[in-house]
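The values are calculated or read from the model by the stated rules, or taken from the named source; none is laboratory data. If you're wondering where the values come from, they're calculated on a predicted model, not measured in any experiment. Cβ sites come from the backbone with ideal geometry, for glycine too, and all protein chains shown count toward neighbours.
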Amino acid sequence: MSANLKLAAAIIVRDEAELLSRCLDSLHGVVDEIHVHDTGSTDGSPEVATRAGACVTTGPWTDHFADARNAALHGWTADWVLSVDADEHVVANAGRLRELLAGTDADAATLEIDSDRQDSAVTFRAARLFRPDRTTWTRRIHEQITARDGTLRLAALPRDVARIVHAGYATADRREAKALRNVLLGRVQLDDLAADPAGNRDRIARTLLDLGRSCIVAGHRQDAVDTLELLRELFPRTRERLQGTDQLAQLMLAEGMDEVALVLVEDLRAAGAESSYCDWLAAQALAQLGEVDEAARLLSNVGRVVDTAGRRHGPAALTEMKVLVAELQAKLTSV
């Protein structure tokens, strides 16, 4: 019965006092308990959490996100746990959420996350609700929920039942600092996995992909290229290679290397990437190369932008691109 189901929230924090209150406020009325695990704040984050009625524990930061998230679960129990970060807030229909959780035998549930990034808004799915008795967090960086035994059974929650809104990093400096931290932890994770490369093949591929992304955000462009090319070489015909090629194509577009980007887009097409997404990438390169009519033709086929990782990009970027190309066409016609 949903009335007897115990739902709790778990948050790990370190110096998040500025953002934490909104997150905690969004959880009241949705969960039965809020547990905040602090890993060394000096800005009063534990006090903010305590005043909001959360149960607060503290522990050391060991450069391992999964360890911190697992530590946050110690000393208490719940049927289901909702994992959120301090820079996120939850929008939920509490009654329907409990009904769905009570009615599923899944080990974990995915929900949509709306992330307002600097360059565009994206929506993606992630497993943020889980049964703590059946699952555990794994991976030093870009941690994920895994089943303790066997394959993780997932349910997908409708958007109108629950979703998470990620506000994004407060400043560009903060975003870059977190990316630099992720680069360092990603390299440590690669070293950890190198002890058993055959047994850790899938995890190495994922770590290379995540490391390449972090290098891009941190501004380490050449490191990103080297990492993503290594991924493409070592892991052919994998989902990680497809997404790595996508990341590399986007990086080439940002760097003005449009001919290279077009080659990568054709690689994506051959690997089975969604045609309209490939058209979206190619149109950007062609527009920058001055082939405006062809860019417009490709954009006419694009009704939405969904990348190779399944992230839905907000319509603003597509609308802006179509307007820009139309303006360029008009200017060329008037000459």
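Criterion applied to Val84, Val13, Val48 was being touching a residue at least 24 places away in the same chain (Cβ under 8 Å) and within 26 Å of Leu154 (Cβ to Cβ), and the one residue passing it is Val84.
Kindly provide the set of residues from segment 49-74 that are aliphatic (A, V, I, L, M) and not in a helix (DSSP H, G or I), ordered by number. Passing the criteria: Ala52, Ala54, Val56, Ala72, Leu73.
Among residues of segment 16-45 being over 20 Å from Leu73 (Cβ atoms) and in contact (Cβ under 8 Å) with a residue 40 or more places away in the chain, the one that is farthest from the chain's Cα centre (by Cα) is Gly29.
Taken over segment 89-121, the residue count meeting the criterion of being over 18 Å from Leu157 (Cα atoms) and not in a loop (DSSP other than H, G, I, E, B) is 2. Does Ala218 qualify as being among the hydrophobic types (A, V, I, L, M, F, W, C), over 30 Å from Leu328 (Cβ atoms) and either outside the structural domain of Arg187 (by TED's automatic domain parsing) or at pLDDT below 95 (or both)? So Ala218 passes the test. Among the residues of segment 278-308, write down those that are small (Gly, Ala, Ser) and surrounded by 16 or more Cβ atoms within 10 Å (Cβ to Cβ). Selection gives Ala282, Ala283, Ala285, Ala287, Ala295, Ala296.
Does segment 175-183 contain at least one residue that is modelled with pLDDT of 95 or more and among the acidic types (Asp, Glu)? No, because not a single residue in segment 175-183 is modelled with pLDDT of 95 or more and among the acidic types (Asp, Glu). The condition of being within 17 Å of Leu27 (Cα to Cα) and not charged (D, E, K, R) holds for only one of Phe124, Phe130, that being Phe130.
Each row is one residue, and each column tells you yes or no for (1) touching a Cys at 6+ places or on another chain (Cβ under 9 Å); (2) of a type in the set (D, E, K, R); (3) touching a residue at least 60 places away in the same chain (Cβ under 8 Å).
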| residue | (1), (2), (3) |
| --- | --- |
| Asp223 | yes, yes, no |
| Glu229 | no, yes, no |
| Leu234 | no, no, no |
| Val263 | no, no, no |
| Ser276 | no, no, no |
| His313 | no, no, yes |
| Ala317 | no, no, yes |
| Glu320 | no, yes, no |
| Leu324 | no, no, no |
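Taking (1) of a type in the set (S, T, N, Q); (2) touching a helix residue (DSSP H, G or I) at 6+ places or on another chain (Cβ under 6 Å); (3) at pLDDT 95 or above in turn, Asn301 satisfies each apart from (3). Residues in segment 292-312 include none that are in contact with a Ser or Thr (Cβ under 8 Å, 6 or more places away or on another chain), closer than 22 Å to Thr123 by Cα and assigned to a helix (DSSP H, G or I). Regarding segment 125-144, can at least one residue be identified that is under 25 Å from Arg96 (Cα atoms), part of a strand (DSSP E or B), of a type in the set (Phe, Trp, Tyr) and in contact (Cβ under 8 Å) with a residue 40 or more places away in the chain? Yes, some residue in segment 125-144 is under 25 Å from Arg96 (Cα atoms), part of a strand (DSSP E or B), of a type in the set (Phe, Trp, Tyr) and in contact (Cβ under 8 Å) with a residue 40 or more places away in the chain.
Here is a check on your reading of the model: is Thr62 of a type in the set (S, T, N, Q), in contact with a helix residue (DSSP H, G or I) (Cβ under 8 Å, 6 or more places away or on another chain), surrounded by fewer than 20 Cβ atoms within 10 Å (Cβ to Cβ) and modelled with pLDDT of 95 or more? So Thr62 passes the test.
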